[in-house]
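Below: the structure, in structure tokens.
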Amino acid sequence: MASKTANVLARVEPEVKSEAEAIMAQLGVPVSVVINMLYRQIIMTRSIPFPTSVPKVKVPKALDEMTEEEFKEMMRLGMEDARAGRVKPLDEVFDRIIGELSEHGDL
């Protein structure tokens, strides 16, 4: 392990910085460790270690980003799915997710 360090200067939107640092604090991981991890992954994979394309699926808004009308519509659609039986038990969903993570070595 090298004993010397180098500085990285990056401009980030204040809200993005604040949100990300709050999550890192909850995890107990310093920003410098996350940056070092990212750099190491770039070196190991010789690429950016996450998708850099526009997602094909529309990502839903967070609750605090929704208007009241959007929230009501989301709830209406959820109730419609529940009444039509287009739902799965929570434990079944978690089992599937855990299984998929295990298959990919993420657990």
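Read-outs throughout are calculated quantities, based only on the coordinates presented, and are distinct from any laboratory measurement. Only a predicted model underlies this, so the values are computations on that prediction, with no experimental measurement involved. Neighbour counts run over all protein chains shown; Cβ positions are idealised from the backbone, glycine included.
Points worth noting:
- Pairs of Lys in the chain closer than 29 Å at Cα, counting only those 8 or more apart or on different chains: 11
- The magnitude of the dipole of the chain, with charges of +1 and -1 set on the Cβ of Lys/Arg and Asp/Glu and taken from the Cα centre, is near 600 debye.
- Option label - mean projected area of the Cα convex hull in nm² computed here, alternatives [x] 11.1; [y] 7.1; [z] 5.8: [x]
- A Förster distance of 22 Å, applied to the separation of the beta-carbon atoms of N7 and E65, puts the FRET efficiency at 0.05.
- Lys/Arg +1, Asp/Glu -1 at C-beta; the stretch 63-103 dipole; positive extreme among M74, I97, G85: G85
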